[in-house]
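Visitor: Quick one: structure below, then a few questions.
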């Protein structure tokens with residue numbers, strides 16, 4: 001027996017041998033049986049064979065009929081699945097020990113790997129709560145449902161049945177489902193339903209890229225001033241966050257509402273729009289790039305976001321760059337203060353946050369012109385930015401490859417104990433366990449994981465620095481782009497410097513051409529281009545007589561046009577006495 005387990009390379013052979021002997025006893029078989037032979041073949045290749053063996057022993061003891069485990073272990077695929085799950089996640093192992101009946105899923109990998117739609121998840125969640133009448137019983141049923149689904153998703157992740165996008169999509173759908181059904185449960189406790197209340201997801205949930213142990217960022221928007229909205233929101237947050245013997249659903253972060261912690265829990269749509277126009281800082285607009293209605297009155301939530309979206313693009317590129325970079329510097333300063341700079345995959349230098357901030361900077365700069373890039377999902381946004389030529393191929397691949405590497409690292413760190421962990425373990429043994437869970441093999445697995453991490457972090461940081469650490473006066477110029485023509489150079493020379501930040505090279509050249517057409521017999525040039533979604537981009541170049549632009553905007557309003565965003569620039573006068581007195585005013 002000692003010789004058989006020697007090939008497994010256990011960290012604690014004595015504890016492993018005790019667990020093995022208990023397995024033999026509980027299953028009623030010897031070491032040379034088909035089941036234990038399959039187990040011996042599966043253990044050496046796993047991330048943490050000690051933990052896998054101990055949890056298999058505990059599972060056999062927890063099952064009403066331990067010999068049911070025997071038939072699973074006799075199937076090499078099922079044996080490998082059980083070993084992988086136990087070795088990779090203590091949290092999922094505990095879920096399985098608490099509900100050993102779930103082990104049957106692992107014997108049906110095809111059914112296990114079928115992704116569930118949001119409607120299917122909601123139907124299953126409602127079925128779970130239907131037999132229960134009391135509020136706490138219904139919420140506990142939802143907590144058990146969540147643990148079962150996390151086991152399903154985690155198993156598909158660990159067994160390689162899904163890719164990163166599928167895992168985050170399923171985790172996000174599960175959260176959408178649980179927020180929606182929890183709201184239904186708490187509304188049933190109120191004297192009247194909270195109609196017109198929208199629950200808006202921000203952050204990772206808004207972008208449908210949730211982790212295993214993410215907080216969920218929520219925003220409550222009221223279409224009308226309903227009396228039950230505040231109470232419904234309070235009950236929902238309590239239902240989601242309360243810890244019981246069955247665990248909890250989600251930690252809820254409400255700090256992204258207007259005025260943060262001191263602001264009202266529920267804000268009317270009109271009040272929020274006023275806040276965006278008058279008080280919101282750039283990071284608050286930045287947060288809305290990931291906003292998505294998930295529960296309550298989703299139609300009202302979508303209408304709120306449609307009206308809010310044009311208000312996100314109110315800053316110049318230089319101001320956006322400065323504010324986004326300042327925010328990242330504050331994050332990194334806090335990491336230094338807490339001694340957490342090393343191996344921080346979420347917030348540190350060359351981290352997931354570097355990728356997100358580059359993407360969001362480009363979205364805030366170009367989103368008004370190219371609405372298709374304003375998706376909350378980072379991977380999808382990277383694809384859109386690259387397709388439109390706003391992100392060169394080299395930068396696109398560095399950020400995409402880095403995200404696809406870092407996200408599983410973050411997932412597996414959290415999946416072990418279902419805790420918010422974002423740092424690589426400093427302990428060499430724990431780093432090796434993580435490396436093996438990520439597919440690195442051999443005695444130097446931890447060192448090779450660390451080297452790969454450093455490569456990606458350096459590549460990500462280099463892209464971040466190119467976009468966000470430039471001097472504010474430096475322009476984002478393609479080094480291979482042709483120099484502006486003399487006409488364009490003269491046009492730019494008469495403009496405020498902010499003009500060159502507000503428009504792209506092609507637009508500036510077009511403005512110069514339109515301005516060149518003006519004369520005594522041609523006082524105005526107008527161009528209108530559709531930009532999708534029923535919206536148009538209108539460019540007006542004209543002689544700037546007092547009140548002219550106001551009159552044009554008034555006429556557009558009278559004829560039913562809503563001006564969502566505008567920029568006006570006027571030529572500075574030439575110093576030469578022969579310069580013409582009228583000034584062209586590009587307006588877009």
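Quick note: the coordinates plus some simple rules give every number you see, no bench work behind them. Worth saying up front: this structure is predicted, and the values here are computed from it rather than measured. Backbone-built Cβ (ideal geometry, glycine too); neighbour counts: all protein chains shown.
Visitor: When 1/r is averaged over all different Cα pairs and the result inverted, which Kirkwood radius in Å belongs to the range 5-123?
Guide: Evaluated over the range 5-123, this radius sits at 14.7 Å.
Visitor: Antiparallel as a % of all DSSP beta bridges within the chain, to the nearest 5?
Guide: Percentage antiparallel, nearest 5: 85.
Visitor: Moving to a separate point now. Give the order of 378, 570 when sorted by the count of other beta carbons within 10 angstrom, beginning with the fewest.
Guide: 570, 378
Visitor: Just rank 78, 37, fewest to most, by other beta-carbon atoms within 10 angstrom.
Guide: Final ranking by Cβ density, sparse to dense: 37, 78.
Visitor: Sort out for me the Cα centre separation of the range 252-311 from the range 393-442, rounded to whole Å.
Guide: 33 Å
Visitor: Need one number: nm distance between label points at residue 448 and residue 528, each 7 Å from Cα along Cα→Cβ, rounded to one decimal.
Guide: Placing both labels 7 Å along Cα→Cβ, they lie 6.2 nm apart.
Visitor: Calculated from DSSP H runs of 4 or more alone, at -39500 (n - 2.57) each and per residue, what is the 222 nm mean residue ellipticity of the chain, nearest 500?
Guide: The helix contribution divided over the chain gives -17500 deg cm²/dmol.
Visitor: Give me the percent relative contact order of the chain, please, defined on Cα pairs under 8 angstrom at least 6 residues apart.
Guide: After rounding, I find 10 percent.
Visitor: With a point put 7 Å past each Cα toward its Cβ, work out how far residue 429 is from residue 551 in nm, to one decimal.
Guide: Here the modelled spin labels are 8.3 nm apart.
Visitor: Let me ask something else. With contacts defined as alpha carbon pairs under 8 Å and 6 or more residues apart, what's the relative contact order of the range 129-287 in percent?
Guide: For the range 129-287, the relative contact order is 20 percent.
Visitor: Under the definition of Cα pairs under 8 Å and six or more residues apart, what whole-number percent is the relative contact order of the range 52-116?
Guide: 36 percent
Visitor: Hey, another quick one. List the residues of the range 37-59 whose backbone N lies under 19 Å from a point placed 7 Å from the Cα of residue 30 along the Cα-to-Cβ direction.
Guide: Residues passing the 19 Å test: 37-41.
Visitor: Give the span of the chain's Cα atoms along each principal axis, as three whole-Å numbers ordered largest to smallest.
Guide: For the chain, the Cα spread along each principal axis is 104, 60, 43 Å.
Visitor: Classify the range 48-87: rounded, prolate or oblate, from the alpha-carbon gyration tensor (a ≥ b ≥ c, eigenvalue square roots; a/c under 1.5 rounded; otherwise prolate if a/b is larger than b/c)?
Guide: Verdict is oblate for the range 48-87.
Visitor: Any idea what angle helix 445-468 forms with the longest principal axis of the chain, computed on alpha-carbon atoms, 0 to 90 degrees, nearest 10?
Guide: Once rounded, one gets 10 degrees.
Visitor: Rounding to the nearest 10 and keeping the result within 0 to 90°, find how far the Cα-based axis of helix 49-62 lies from the longest principal axis of the chain.
Guide: So the inclination is approximately 70 degrees.
Visitor: Quick check: residue separation of residue 111 and residue 164 times 0.36 nm, minus the Cα distance between them. What number comes out in nm?
Guide: Extra length from residue 111 to residue 164 when fully extended: 17.2 nm.
Visitor: Measure nothing fancy, just the Cα-based angle from helix 505-517's long axis to the longest principal axis of the chain, in degrees from 0 to 90, nearest 10.
Guide: Helix 505-517 sits at roughly 20 degrees to that axis.
Visitor: Cα centroids of the range 119-135 and the range 1-56: how far apart, whole angstrom?
Guide: 40 Å
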